[in-house]
Amino acid sequence: MSLMRQGLVIEKLVVGLHRQRFAPAAAPNLVVRWRKPISLGTAPSKLFRVPQRPQIPEDELKEIRRLFKNYNTQMKSIRAWFAEEAKRQEAVTAAAVAGATGEEAEFQRCLQINEEWNKKVAAERQVRLAAEKAKLTDKILTDLEQDELQKSKRIAEIQQMVEREKDLSSHYITEENIDQAIEEALSQEVNYNFAIDREGNYYHGFSMTPTTSHS
Amino acid sequence: MGCANRPFFHIVVAEQRTDQHMPVIEQVGSYDPLPNERNQKLVAFNFERIQHWLARGVNLTDPVAELLGLSGYLPIHPRTYMTAWRNRIKANEESKVKN
């Protein structure tokens with residue numbers, strides 16, 4: 001509902017609209033009986049009507065235009081003045097109403113209270129944040145230490161492995177040793193004919209005297 | 001609004017594009033075109049509300065503008081002058097014809 005499109009109109013009884021239209025608010029019992037339906041078309045007596053254009057003499061036209069120019073200028077200024085007045089009135093009434101009810105003061109008071117609450121909560125928040133920060137730094141430091149420990153452990157393990165391999169390398173069978181190793185393996189006999197008890201004592205052959213070694 | 005053969009008008013603020021049978025926004029006056037016993041045509045205006053609506057930027061229709069001009073609230077509408085001199089001319093011609 002654009003307010004700029006509203007107009008001051010004169011409502012009047014119009015004979016010629018369908019009964020289906022509903023009654024205006026100003027005249028609740030008013031209904032119109034009959035209008036010729038558009039589908040019937042124009043009557044023969046009215047088909048070739050040409051409406052006469054009004055012929056206005058030149059001097060009359062001049063006078064009319066002059067009058068209208070003046071009138072429109074005056075109306076423009078009147079409307080502008082009315083609009084200004086309305087604005088002024090609105091400002092005055094708004095100020096008065098606000099002053100009378102005391103809403104502004106109430107609002108300021110509420111703002112103050114809110115500020116106090118904010119400060120309190122902010123203080124609490126600061127404390128909490130500081131504690132959390134301390135905890136976090138501790139955790140990070142401990143984690144770093146742990147990492148260092150783990151690293152050093154790992155390095156130690158690897159060192160151990162390397163040492164072991166170094167020690168064992170003297171027993172590796174290489175290209176030079178292979179012939180000798182084969183001969184040794186073939187010459188040596190390993191006797192698997194033994195029993196073993198719970199303590200790990202070997203009983204070789206049919207002897208009843210135990211030995212702890214394999215051979 | 002009125003009855004058959006007895007017109008009566010409400011001066012009203014309504015949306016321009018709605019049907020004239022639709023509900024209006026506000027009634028702001030009335031006009032009875034038939035003269036009463038004392039040969040008066042009665043017009044009523046709510047000038048405060050008219051000022052309010054004019055400030056809001058509202059269009060006036062010609063008949064209402066003429067009436068407001070005649071009432072003295074607005075400047076006299078050019079159509080008033082036009083109808084006046086046309087009536088005068090017609091009256092002159094009729095008197096000439098009679099004579």
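Details
- The 1.4 Å probe gives accessible areas that order A:Val50, A:Val97, largest first, as A:Val50, A:Val97.
- Accessible surface of A:Thr142, taken over heavy atoms with a 1.4 Å probe and every protein chain present, rounds to 70 Å².
- Spacing of the modelled spin labels on A:Gln160 and B:Ile89, each 7 Å from Cα toward Cβ, amounts to 12.7 nm.
- A:Lys36 accessible area, assembled protein chains, probe 1.4 Å, Å²: 100 Å²
- Value at 222 nm in deg cm²/dmol, rounded to 500, when DSSP H runs of n ≥ 4 in the protein assembly as shown each add -39,500 (n - 2.57): -18500 deg cm²/dmol
- Over the protein assembly as shown: Rg over Rh, Cα atoms, Kirkwood Rh: 1.70
- The stretch B:68-99 and the stretch A:143-179 have Cα centres separated by 126 Å.
- Inter-part distance where the stretch A:66-112 and the stretch B:5-35 are each reduced to a Cα centre, Å: 29 Å
- Share, in percent, of DSSP beta bridges within the protein assembly as shown that are antiparallel, nearest 5: 90 percent
- Average accessible surface area per residue within the protein assembly as shown, 1.4 Å rolling probe, Å²: 81 Å²
- Dipole size of chain B about its Cα centre, with +1 on Lys/Arg Cβ and -1 on Asp/Glu Cβ: approximately 440 debye, rounded to the nearest 20.
- Cross-link reach list, lysines versus A:Lys87, counting only Cα pairs under 26 Å and skipping chain neighbours closer than eight places: A:Lys76
- Residues A:Cys110, B:Cys3, sorted by accessible area with the largest first, give B:Cys3, A:Cys110 [1.4 Å probe; ligands and nucleic acids excluded].
- Computed with a 1.4 angstrom probe on protein heavy atoms, the A-B interface buries about 4100 square angstrom of accessible area in total.
- What a 1.4 Å probe finds exposed on chain B is 51% carbon and sulfur by accessible area, rounded to a whole percent.
- Averaged over the residues of A:73-80, the number of partner chain Cβ atoms lying within 10 Å of the residue Cβ comes to 3.
- Relative frequency of Cα-Cα separations exceeding 17 Å in the stretch B:1-59, percent: 50 percent
- Solvent exposure, largest accessible area first (probe 1.4 Å, DNA, RNA and ligands not counted), of B:Ile11, A:Ile182, A:Ile56: A:Ile182, A:Ile56, B:Ile11
- Three-way shape call for the stretch A:108-183 based on the alpha-carbon gyration tensor, with the a/c threshold at 1.5: prolate
- For B:Ser30, solvent-accessible area (1.4 Å; no DNA, RNA or ligand), Å²: 30 Å²
The values are calculated or read from the model by the stated rules, or taken from the named source; none is laboratory data. Here the structure is a predicted model, which means the values were calculated and not measured. A quick note on method: Cβ atoms are made from the backbone with ideal geometry, for glycine too, and the neighbour counts reach across all protein chains shown. All accessible areas refer to the heavy atoms of the entire protein, side chains included, with ligands and DNA or RNA removed. Shrake-Rupley method; radii C 1.70, N 1.55, O 1.52, S 1.80 Å.
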